[in-house]
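The values are calculated or read from the model by the stated rules, or taken from the named source; none is laboratory data. No experiment lies behind these values; they were computed from the predicted model shown. Cβ: placed from backbone, ideal geometry, glycine included. Neighbour counts: every protein chain shown. Note: areas computed on protein heavy atoms with side chains; ligands, DNA, RNA excluded. Shrake-Rupley method; radii C 1.70, N 1.55, O 1.52, S 1.80 Å.
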Amino acid sequence: MEALARRRSSREFQRKPLPPPVLSNLLWAAWGINRPDGHRTAPSARNWQEIDVYVATADGLYVYDAKAHGLQRVVARDVRAQIGVQPHSREAPLTLVYVADEQKMGGADEESRRSYAAADAAFIAQNVYLFCASEGLASVVFAMIDRPAFAQAAGLKAQQRIALAQSVGYPKP
Ligand SMILES: Cc1cc2nc3c(=O)[nH]c(=O)nc-3n(C[C@H](O)[C@H](O)[C@H](O)COP(=O)(O)O)c2cc1C
């Protein structure tokens, strides 16, 4: 109840990075494996688990590997300026980008793929919002994404569709 009462969008962040244990818990809360059969903390249509969580920090761009509960490096440079058009996405120490791999979405038609990917990403985003509320972190989910710039920076394939992004960090006092 407390986390729900504190859940809100904030767009002003300190630059201080998240300590590794906080980032680890944040990613597990977002989209970690919470059952022995590989199911996750967020639901997904037909359990396709098609969303990849890209993790952009000052150190580089990574993708969350839920099975290993670790990060795989994608690019060894700061791509935060290539994600959003608002200042928060480059100022926050961490911006998550939720990317659907449409190849994992069975034979669903275009409209279903889009709506399921948007819904599945939104569940992850709400997990992140609630984790942030419980940890005293600030967060904002956003759709105003520079999709071509991020797709190029991350080397996304044609079947990868950017659904949403979300900045996280310590709130400005
Ligand atoms: C699908 C979606 C897209 C959003 N896109 C943006 C965005 O591009 N930029 C932004 O600053 N906030 C964005 N937001 C955050 C909303 O503006 C925010 O949730 C809303 O104003 C309500 O405020 P609250 O989250 O504090 O309750 C988005 C929220 C959702 C759910």
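Considering only protein heavy atoms, what per residue accessible area in square angstrom results for the chain with a 1.4 angstrom probe?
Accessible area per residue: 50 Å².
Please identify, among ALA121, ALA158, ALA58, the residue showing maximal mean-square fluctuation in a Gaussian network model of the chain using a 10 angstrom Cα cutoff.
The residue with the greatest mean-square fluctuation here is ALA158.
Mind ranking VAL140, VAL22 by accessible surface for me, highest first, 1.4 Å probe?
Most to least solvent-accessible, the answer reads VAL22, VAL140.
Once R0 is set to 41 Å, what does the formula 1/(1 + (r/R0)^6) return for the Cβ-Cβ distance between ALA143 and ASN34, expressed as a FRET efficiency to the nearest 0.05?
Plugging the Cβ-Cβ distance into 1/(1 + (r/R0)^6) gives 0.95.
By a straight-distance test (C-alpha under 27 Å), which lysines pair with LYS67 as possible cross-link partners, with residues fewer than eight away in the same chain excluded?
Excluding near neighbours in sequence, the set is LYS104, LYS157.
Which of these, ALA29, ALA66, ALA56, has the largest mean-square fluctuation under a Gaussian network model of the chain (Cα springs below 10 Å)?
Among ALA29, ALA66, ALA56, the largest mean-square fluctuation in the Gaussian network model of the chain belongs to ALA66.
If you build a Gaussian network model of the chain, linking Cα atoms that sit under 10 Å apart, which residue out of VAL75, VAL55, VAL141 swings the most?
Of the options given, VAL75 has the highest mean-square fluctuation.
Mean residue ellipticity at 222 nm from the helices of the chain, using -39,500 (n - 2.57) per DSSP H segment of n ≥ 4 over the full residue count, to the nearest 500 deg cm²/dmol?
Rounded to the nearest 500, it is -9500 deg cm²/dmol.
Take the solvent-accessible surface of the protein heavy atoms, probe 1.4 Å, and return the percent of it on the stretch 40-173 that carbon and sulfur atoms account for.
49 percent
What does a probe at ARG46 reach in the stretch 98-114, counting residues whose amide N is under 14 Å from the point 7 Å along Cα→Cβ?
Residues 101-114 qualify, since their backbone N sits under 14 Å from the label point.
How about LYS16: which lysines have a C-alpha closer than 19 Å to its C-alpha, ignoring those fewer than 8 places off in the same chain?
LYS16 reaches LYS172.
Normalized C-alpha radius of gyration of the stretch 116-173, against 2.2 N^0.38 Å?
Ratio of Cα Rg to 2.2 N^0.38 Å: 1.28.
Counting Lys +1, Arg +1, Asp -1, Glu -1, what net charge surrounds LEU18 among other residues with beta carbon under 12 Å of its beta carbon?
Combined, the nearby Lys, Arg, Asp and Glu give 0.
Once you charge only the Cβ atoms, +1 for Lys and Arg and -1 for Asp and Glu, what is the size of the charge dipole of the chain about its Cα centre, to the nearest 20 debye?
Computed charge dipole of the chain: roughly 340 debye.
When the expected Rg is taken as 2.2 N^0.38 Å, what fraction or multiple of it is the alpha-carbon Rg of the stretch 30-152?
Here the Cα radius of gyration is 1.06 times the empirical estimate.
Between GLN126 and VAL75, what FRET efficiency comes out of the Förster formula 1/(1 + (r/R0)^6) with R0 = 22 Å and r the beta carbon distance, rounded to 0.05?
Computed FRET efficiency for VAL75 and GLN126 comes out at 0.20.
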